[in-house]
Each structure stands twice: as C-alpha cells, then as structure tokens.
Amino acid sequence: MIIVVGNEKGGVGKTTLAANLAILRAQQGRDVLVVDADPQGSITEFFRVREEEGYTPALSCVSVTGKSVSSEVRKLVPRFDDIVVDVGGRDTAAFRSALLVAEALLVPSLPGQFDAWSLETLNTVIAEARALNEKLRPLLVLNKVDSNPRIGLTDETAEFVADLENLPLLPVKIGYRVAYRRSAAEGQAVNELSKKDPKAIDEIKNLYREVFENA
C-alpha cells in the first residue's frame, strides 16, 4: 500500500505520524520504505537517529522531491510491501505528484478555525487528484488535540469539515502529548519508548487500523 501523509499547512505533525505509522507497519513484519518528499528532510533525520541507535525493525528511507515523486515511487513499488511518503507543508509539485500514486492520503490537521479554513483549498486539490487517481482514499485526522473537554475547538472543526466531501474525518483523534514529541526526538514509535504512554499508544494503534486495516 502507498500512503501519503501531508497537508498544505505546516506544523500539523505529519512527520511524527508518518514515522509512527511506518514503524507500526514494519512491526507487523512488512517491508516498509519511507520516502521523504519534504525538502526540510525531517523524516530523514528521524530515521538517521533510529539507525544510529540501532532500533529495530529497521526501515529504509530515501529522499525524492519535485515532480518526479510519482515516477520514482512507481519504480520502487515492486521492491517493498508498503511505501509511506512524507510530503512538505505546502502545495508543491511533490505533493501533487505524490497524490497521483497514493492509495491513501492521511491529512493531519490541528483543531481550530484557521486550520479548518485552510482545508477548503486542499479539498479542491484532492478532488482534482481523484479525477486522475481513482484509488486515492483521503482521510482527515485531528492532531494535537487538547485533552480539556471544555475547549470546543475539536467539535467546531468537525462541524466545519462535515461539508468537505473529499476530506472525511476519522473518529480517532491524536492528543497533544509529550510521548509524540519524545518519539520524534528519539527515532522511535510511541509504543517503543521506555516510558510508555498508554493513551498515545492506543491513539496511534487506532490510527494505524483506520489507515491500513479499514481500507
């Protein structure tokens, strides 16, 4: 399966989710390739740290940017069970190219009106991509959600995106937790950290099921 994790807006936590999903997939015995299509190279750095620390399972990570993302990913498909592509936080040639080969597009978004408004444009971009790639299955997940139920940003966002036909909102929500920041810094998935956060582990496993098992 080819999974693209991206959003036109930066700072939404896409790289952390992409890395966690890739590792969880590899933990199931799958041969997973990670493609870094973001010029900032954050996920490349994540897997460099992971390799240096000797964590297993080991995953391959390659960098591909620009319009060649789709053609390069197609070449790599026969060699791997799954490919996870991390694209930059902008509407770039790499992002649009990745959508042409993706079977699933996971869009992390922060709860809040400004982030919700930005999804309107993305909804149109996805519609254009689906006209060329009928296999594309877009999925929207709220990330860095505040645990305080009195803060109604999550409900407001859910209400707003309900009308975006190309961005169905997943039932799972990812909390704003220290475990995800430690994961990003240490090159590990949250279920590998020495200090376990059961809530974070449950969240990322539920997201994994939505992306890979509920296709």
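The values are calculated or read from the model by the stated rules, or taken from the named source; none is laboratory data. Everything quoted here is computed from the prediction, not taken from an experiment. No Cβ is skipped: glycine too gets one built from the backbone with ideal geometry, and neighbour counts run over all protein chains shown.
Take the range 99-124 and flag every residue that is more than 17 Å from the chain's Cα centre (by Cα) and β-branched (Val, Ile, Thr).
Listed by number, the residues that qualify are 121, 124.
Restricting to the range 10-37, name every residue that is under 13 Å from the mean Cα position of the chain (by Cα), in a loop (DSSP other than H, G, I, E, B) and at negative phi.
10, 12, listed by residue number.
So for the range 137-153 (the condition being modelled with pLDDT under 95 and on the phi > 0 side of the Ramachandran plot), does at least one residue qualify?
Yes, the range 137-153 contains at least one residue that is modelled with pLDDT under 95 and on the phi > 0 side of the Ramachandran plot.
Look through the range 61-71, keep the residues that are in contact with a strand residue (DSSP E or B) (Cβ under 9 Å, 6 or more places away or on another chain) and crowded, with 17+ Cβ neighbours inside 10 Å, and return whichever of them is nearest to residue 102 (Cα to Cα).
Only one residue fits best here, namely 69.
Does residue 104 fit the bill of being under 17 Å from residue 142 (Cα atoms) and surrounded by fewer than 24 Cβ atoms within 10 Å (Cβ to Cβ)?
So residue 104 passes the test.
Residues in the range 45-55: is at least one without any contact (Cβ under 8 Å) to a residue 12 or more places away in the chain, within 19 Å of residue 189 (Cβ to Cβ) and not charged (D, E, K, R)?
Taking every residue of the range 45-55 in turn, at least one turns out to be without any contact (Cβ under 8 Å) to a residue 12 or more places away in the chain, within 19 Å of residue 189 (Cβ to Cβ) and not charged (D, E, K, R).
So, residue 83, is that one under 21 Å from residue 159 (Cα atoms) and not in a loop (DSSP other than H, G, I, E, B) or not?
So residue 83 does not fit the description; no.
Of the conditions (1) at pLDDT 95 or above; (2) surrounded by 16 or more Cβ atoms within 10 Å (Cβ to Cβ); (3) charged (D, E, K, R); (4) closer than 23 Å to residue 47 by Cα, residue 130 satisfies every one except a single condition; which number is it?
The one condition residue 130 does not meet is (4).
Restricting the search to the range 38-59, which residues are assigned to a helix (DSSP H, G or I) and of a type outside the set (S, T, N, Q)?
Correct list: 43, 45, 46, 47, 48, 49, 50, 51, 52, 53.
Among the residues of the range 77-118, what is the count of those that are in contact with a strand residue (DSSP E or B) (Cβ under 6 Å, 6 or more places away or on another chain), at pLDDT below 95 and among the hydrophobic types (A, V, I, L, M, F, W, C)?
Final tally of qualifying residues: 4.
Among the hydroxyl-bearing types (Ser, Thr, Tyr), modelled with pLDDT of 95 or more and under 22 Å from residue 173 (Cβ atoms): is that true of residue 15 in this structure?
yes
Of the conditions (1) touching a strand residue (DSSP E or B) at 6+ places or on another chain (Cβ under 8 Å); (2) over 24 Å from residue 154 (Cβ atoms), residue 122 satisfies every one except a single condition; which number is it?
Failing condition for residue 122: (2).
Write out, first by first residue and then by second, each pair whose Cβ atoms fall under 8 Å of each other, whose residues are 6+ apart or on separate chains, and whose first residue, in the range 9-35, is touching a residue at least 40 places away in the same chain (Cβ under 8 Å) while the second is assigned to a helix (DSSP H, G or I) and of a type in the set (Asp, Glu).
9/115; 12/115; 35/72
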